[in-house]
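Read through the structure below, which is laid out as structure tokens, and then see the notes.
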Amino acid sequence: MSKKLLSIFVLTIFVLATVLAGCSSSKNNTSSANETNTQKQETVEPVTIKLGMWSSSPAEKKIVDDQIAKFKEKYPNIDVQIETIVGDYMQKLQTELASNTAPDIFYLDSMPAPQLMSSGVLEPLDDYIKKYNVDVNDFEPALLSAFQWEGKTYGLPKDFNTLALFYNKDMFKAAGINESPKTWEELRDVAKKLTKDGVKGLVLSADLARFDAFINQNGGSVYQDGKVTLNLPENAQALDFYVGLITKDKVADTPQNMGEGWNGDAFAAKKAAMAIEGGWMIPFLKEKASDLNYGIAELPAGKQKSTMAFTVAYVMNKNSQHKDEAFKLIEFLTGKEGQQFVVDSGLALPSRKSMQEGFKEKYPERAAFVDGASYAVPWQFGLYGTKVVDAANKACEALIMKQISSAQQALDNTQKEVGQ
């Protein structure tokens, strides 16, 4: 090969190598750029979610603080700020909702829930529940149903309490009573044996939040299918039995007639051997009467078992700017990880059925509250809410004070007062 041809061959090889190297470099640069763009897309911007709650005990505040700290470990990009609403919670919350300054998620009690669910200020959660595969079947039906409206779910319950029968073990033993009453008849008989030496067998308040359990036990109902049903015959029969323990049998009385503020005070002061209350009685008695020897049993049954379910849910503001992040917080707080803090505290009952056996193992003396969940009725009366409660309470008070003699007549008057 001539020198000239050799030079042309070498030059050609050099050019080809340069071109190939350039292509490779270009490819690598493009790949690098793509990786950089992907990294930028995967970078999650920090988000702040505001959580609204009412002013409560330090113990409840600690539960929420601990839950949020755990949530931050899982979602470090989501900052959670607590807004404690003091004073009239619902009034201030509605003002904030109207001015578009309300928190992203917030507490909502079952009683006023229908007003907010029907007004369009809450975000339906169904799409998020489906998107994040939340097992809503693990919630107690009575709790979840309290936050459902016209086929949509607006809240996930964070915890709850039911009513149970508190009884003084020492008084039971002194009266020769070996077990708690299981029926209405047994309740009356046991109360008679315990009524002596200035002590009443039972303390009862003129409060629908207590005697509604008796109405439901008798097959009655204060509200059903969107209508107020205060004056059903079954309701009158139940109220007659409830008030009759005070006015006819003389085995019970109101806390006010005992010189006390509420049922807990009368029970703690040993002025009554039995009281119908919820789990909130436990910390109260620990502080008020730490030496009181008491037990807790399911409520005595009428025609059927029934108790009340008092619950609060986390709901989402429809105007939240970060709805997915807000739901992730709701999901965590009402999920198993978040609920574990509720179990550990013992302050309330976990709303998930799968967590309740663990609660009973930790607090076996409180089993009656958990066992009542399966037949509990939510504390809620649609859009009539407190109007029903106020009217029913007045009817009960009138019967106790003997301003009217017939429970049926009292409830007929109440039905008219409510406007149905």
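The values are calculated or read from the model by the stated rules, or taken from the named source; none is laboratory data. This one's a predicted model, so the numbers in the text were calculated from it and none came from an experiment. When we count neighbours, we look across all protein chains shown, and the Cβ atoms used for this are built from the backbone with ideal geometry, even at glycine. For accessibility, only protein heavy atoms count, side chains too; no ligands or nucleic acids. Shrake-Rupley method; radii C 1.70, N 1.55, O 1.52, S 1.80 Å.
Given bins 5 angstrom wide, list per bin the percent of all Cα-Cα distances in the stretch 99-255, short to long.
Whole-percent P(r) values from 0 Å outward: 1, 7, 13, 15, 14, 11, 10, 9, 8, 6, 4, 1, 0.
With everything on Cα atoms, drop me the angle between helix 233-247 and the longest principal axis of the chain, reported from 0 to 90° to the nearest 10.
Taking Cα atoms only, the helix is inclined about 60 degrees.
Going by accessible area, probe 1.4 Å, with all protein chains left in place, what is the ranking of 365, 260, 150, 186, largest first?
Details: 365 100, 260 45, 150 165, 186 75 Å².
The ordering from most to least exposed comes out as 150, 365, 186, 260.
Quick check for you: with a 1.4 Å probe and neighbouring chains kept, what is the accessible area per residue of the chain, in Å²?
Details: 20170 Å² over 420 residues.
On a per-residue basis, 48 Å².
Taking amide H positions as placed 1.01 Å from N in the peptide plane, with prolines and chain starts having none, which residues 5 or more places from residue 299, or on another chain, fall under 5 Å of its amide H?
Amide H neighbours of residue 299, under 5 Å, 5+ apart: 165.
Less than 19 Å apart at the alpha-carbon level, and either on another chain or at least 8 residues along: which lysines does that give for residue 152?
Within the straight-line cut-off, residue 152 pairs with 130, 131, 318, 323, 328.
Calculate one ³J(HN,Hα) per residue across the stretch 272-280 by plugging θ = phi - 60° into the Karplus curve 6.51 cos²θ - 1.76 cosθ + 1.60, and present them in order as whole Hz with x for glycine and proline.
So the J values, rounded to whole Hz, are 9, 7, 9, 8, 9, 8, x, x, 5.
Pop out the carbon and sulfur fraction of the accessible area of the stretch 63-210 as a percent, whole number, probe 1.4 Å. Don't skip to the answer; put the middle values down first.
Details: 3090 of 6670 Å².
Ligands and nucleic acids excluded, carbon and sulfur reach 46 percent.
Heads up, I need the accessible area for residue 207: 1.4 angstrom probe, whole protein in place, Å², nearest 10.
Taking all protein chains as shown, residue 207 has close to 40 Å².
Around residue 312, under 12 Å between beta carbons, what's the net of Lys plus Arg minus Asp minus Glu among the other residues?
On the way: positive: 158; negative: 60, 109, 159.
Residues near residue 312 contribute -2 overall.
From the list (1) 5, 23, 34, 25, 11, 2, 0; (2) 4, 20, 29, 25, 13, 6, 2, 0, 0; (3) 4, 19, 25, 21, 12, 5, 3, 3, 3, 2, 2, 1, 0, 0, can you say which value of P(r) over Cα pairs in 10 Å bins from 0, in percent was derived from the structure given?
Evaluating P(r) over Cα pairs in 10 Å bins from 0, in percent on these atoms matches (3).
Just to confirm the number: angle between the C-alpha axis of helix 407-418 and the first principal axis of the chain, 0 to 90 degrees, nearest 10?
Tilt relative to the chain: about 40 degrees.
Return the loop-located trypsin sites (Lys or Arg not before Pro) in the stretch 329-412 (DSSP other than H, G, I, E, B) with at most 11 other Cβ atoms within 10 Å of their own Cβ; answer none if there are none. Before the final figure, lay out each step's value.
Numbers: sites: 336, 352, 353, 360, 362, 366, 387, 394, 402; in loops: 402.
Here the trypsin sites (Lys or Arg not before Pro) that fit, given the DSSP loop and packing criteria, are 402.
For residue 402 and residue 115, calculate 0.36 nm times their separation in residues minus their Cα-Cα distance, and state this gained length in nm to one decimal.
Working: separation 287, 0.36 × 287 = 103.32 nm, distance 3.49 nm.
The residue 402-residue 115 span can extend by a further 99.8 nm.
Whole-Å semi-axes of the stretch 86-141's equivalent ellipsoid, largest first, each the root of 5 times a Cα gyration tensor eigenvalue?
On the way: eigenvalues 120, 38, 21 Å².
For the stretch 86-141, the ellipsoid semi-axes come out as 24, 14, 10 Å.
Could you point to the residue in 103, 302, 68 farthest towards the positive end of the chain's charge dipole, with +1 and -1 charges on the Cβ of Lys/Arg and Asp/Glu respectively?
68
If amide H atoms are built 1.01 Å from N in the plane of the peptide, which residues on other chains or at least 5 residues away come under 5 Å of the amide H of residue 254?
For residue 254, the qualifying residues are 204.
Run the accessible area of the stretch 258-396 with a 1.4 Å probe and give the carbon-and-sulfur part as a rounded percent. Please report the intermediate quantities before stating the final value.
Details: 2540 of 5350 Å².
Reported share for carbon and sulfur atoms: 48 percent.
Restricting attention to the alpha-carbon atoms of the stretch 275-344, what are Rg (one decimal) and Dmax (integer), both in Å?
Radius of gyration, then largest Cα-Cα span, for the stretch 275-344: 18.3, 52 Å.
For the stretch 192-209, what does the Karplus curve 6.51 cos²θ - 1.76 cosθ + 1.60, with θ = phi - 60°, yield as ³J(HN,Hα) per residue in whole Hz, taken in order and with x for Gly and Pro?
Whole-Hz 3J(HN,Hα) from phi for the stretch 192-209: 5, 5, 8, 7, 6, 6, x, 10, 8, x, 8, 9, 10, 9, 7, 9, 4, 5.
Could you state how much accessible area residue 406 has, in square angstrom rounded to the nearest 10, with a 1.4 Å probe and all protein chains kept in place?
Residue 406 has an accessible surface of roughly 40 Å² with all protein chains in place.
Treating cross-link reach as a plain straight distance, find the lysines whose alpha-carbon is under 20 Å from the alpha-carbon of residue 192, omitting any fewer than eight places away in the same chain.
Once the sequence-local lysines are set aside, what remains near residue 192 is 169, 173, 182, 200, 248, 250, 270, 271.
Top to bottom by accessible area (1.4 Å), largest first, where do 284, 211 land?
Values: 284 50, 211 5 Å².
Sorted descending by solvent-accessible area, the residues read 284, 211.
Taking only Cα atoms of the stretch 167-300, what ratio of Rg to Rh do you get with Rh as the Kirkwood inverse-distance radius?
0.98
Compute, for residue 197, the solvent-accessible surface of its heavy atoms (probe 1.4 Å) with the complete set of protein chains present, and express it in square angstrom to the nearest 10.
140 Å²
For residue 79, list long-range residues whose amide hydrogen, built 1.01 Å from N in the peptide plane, is under 5 Å from its own amide hydrogen.
Under 5 Å from the amide H of residue 79 lie the amide H atoms of 47, 48, 49, each far enough along the sequence or on another chain.
Spelling out what I want: for every residue of the stretch 330-340, take phi, set θ = phi - 60°, compute 6.51 cos²θ - 1.76 cosθ + 1.60 (Karplus), and round to whole Hz; glycine and proline get x.
Coupling constants for the stretch 330-340: 4, 4, 5, 4, 9, x, 5, 5, x, 5, 4 Hz.
Write down the percent of antiparallel bridges among all DSSP beta bridges whose residues are both part of the chain, to the nearest 5. The partial results should precede the final answer.
Working: 29 of 47 bridges.
Roughly 60 percent of the DSSP beta bridges within the chain come out antiparallel.
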